Amino acid sequence: MDPLFDFTGKVALVTGGSRGLGYQMVKAFAERGADVIVASRKLENCETVADEMRALGRKALAVSAHVGRWDECDRLIEEAYAAFGRVDILVNNAGMSPAMPSHEVTEKLFDSVVNLNFKGPFRLASQVAKRMYDAGSGSIINVSSSGSMMPLPNTVPYGSSKAALNAMSKSLAWEYAPHVRVNTLSPGAFRTDIVQAWPDKGQGPIPIPRGHAAEPEEILTAALFLASPASINVTGSLVRCDGGQH
């Protein structure tokens, strides 16, 4: 195994880890030696993924948590540290992106989007960063979106909350340096289950240099890079994995 991508002895916590990009990252860390914490709202889905990682010979913890709520973020952290005693890699991947004309957005929906995309990730990142700092090392990856940098209609709360996530990463990178690295990973169009809402189900061409949406596993090299010693001199950065969208 390449020593730069050997996660043996490390513990990775991934929110939204039971499907899509989160699942791919959980699997990639486990395949390279990490023990994992799989968090999402549906415990059954988390347990299915955790069982798969255990079959690889890894320790795995499944946790049901709505990470848009601070009390559940705190419980997730406590369960993770109770089980493993440490978290070396935190991936704030859970999020939601409802499409709707701005004048139709209700306060409840607005709060739900901001809570899941920004409020919860702030709580998790800030609390875990302090523990990582005290332990002497750690890497936090906040999963944003190309929508945070390219204004689009009908997704204003989503794009705005992800833009806040981008700013948060830079601030936390300064605050918990030099022991903790905090970076943003910005995906573009990926063929996860979200494409079922697209007219062409994600199979057609799109106007980006690459020409089409990416497969979920194509997020992995970027995530592994940011989590590993290969990116030791990278913090406060935004890494785009969007096929050249901008």
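Condition check ((1) over 19 Å from Q24 (Cβ atoms); (2) in contact with a Phe, Trp or Tyr (Cβ under 9 Å, 6 or more places away or on another chain)) across all residues:
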{"residue": "A62", "(1), (2)": "no, no"}
{"residue": "E78", "(1), (2)": "yes, no"}
{"residue": "I89", "(1), (2)": "no, yes"}
{"residue": "H103", "(1), (2)": "yes, no"}
{"residue": "E107", "(1), (2)": "yes, no"}
{"residue": "N117", "(1), (2)": "yes, yes"}
{"residue": "G120", "(1), (2)": "yes, yes"}
{"residue": "K130", "(1), (2)": "yes, yes"}
Original post:
Taking region 111-134, which residues are among the aliphatic types (A, V, I, L, M) and touching a helix residue (DSSP H, G or I) at 6+ places or on another chain (Cβ under 9 Å)?
Top reply: V113, V114, L116, L124, A125, V128, A129
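Is it the case that L90 is within 28 Å of D134 (Cα to Cα), touching a helix residue (DSSP H, G or I) at 6+ places or on another chain (Cβ under 6 Å) and at pLDDT below 95?
Values: within 28 Å of D134 (Cα to Cα): yes; touching a helix residue (DSSP H, G or I) at 6+ places or on another chain (Cβ under 6 Å): yes; at pLDDT below 95: no.
Against the criterion (within 28 Å of D134 (Cα to Cα), touching a helix residue (DSSP H, G or I) at 6+ places or on another chain (Cβ under 6 Å) and at pLDDT below 95), L90 does not qualify.
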Original post:
Which pairs have Cβ atoms under 8 Å, sit 6 or more apart or on different chains, and link a residue in region 3-22 that is among the aromatic types (F, W, Y) to one that is modelled with pLDDT under 95?
Top reply: F5/A230
Subject >> Any hit, region 155-167, residues being within 26 Å of S64 (Cα to Cα), surrounded by 20 or more Cβ atoms within 10 Å (Cβ to Cβ) and among the hydrophobic types (A, V, I, L, M, F, W, C) >> reply: yes
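How about region 63-94: which of its residues are among the β-branched types (V, I, T) and in contact with a Cys (Cβ under 8 Å, 6 or more places away or on another chain)?
V63, V67, listed by residue number.
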Subject >> Of all residues in region 213-231 being among the hydroxyl-bearing types (S, T, Y) and surrounded by fewer than 20 Cβ atoms within 10 Å (Cβ to Cβ), the one that is modelled with the lowest pLDDT >> reply: T221
Subject >> Criterion: part of a helix (DSSP H, G or I), touching a Leu at 6+ places or on another chain (Cβ under 9 Å), closer than 23 Å to F29 by Cβ and not acidic (D, E) - qualifying residue of S139, S161, S126 >> reply: S126
Original post:
Could we say that S64 is farther than 29 Å from T8 by Cβ and not basic (K, R) here?
Top reply: no
Subject >> Failed condition for S64, given (1) closer than 23 Å to D134 by Cβ; (2) touching a helix residue (DSSP H, G or I) at 6+ places or on another chain (Cβ under 7 Å) >> reply: (1)
**OP:** Name, by its number, the condition in (1) surrounded by fewer than 21 Cβ atoms within 10 Å (Cβ to Cβ); (2) closer than 21 Å to S231 by Cα; (3) among the small types (G, A, S) that does not hold for S146.
**Re:** (2)
Original post:
What are the residue pairs meeting all of these: first residue in region 105-116, first residue at pLDDT 95 or above, second residue of a type in the set (S, T, N, Q), Cβ atoms under 7 Å, and 6 or more apart or on different chains?
Top reply: V113/S161; V114/S161
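The values are calculated or read from the model by the stated rules, or taken from the named source; none is laboratory data. Keep in mind the model is a prediction, meaning the values are calculated, not measured. We place every Cβ from the backbone using ideal geometry, glycine too, and count neighbours over all the protein chains shown.
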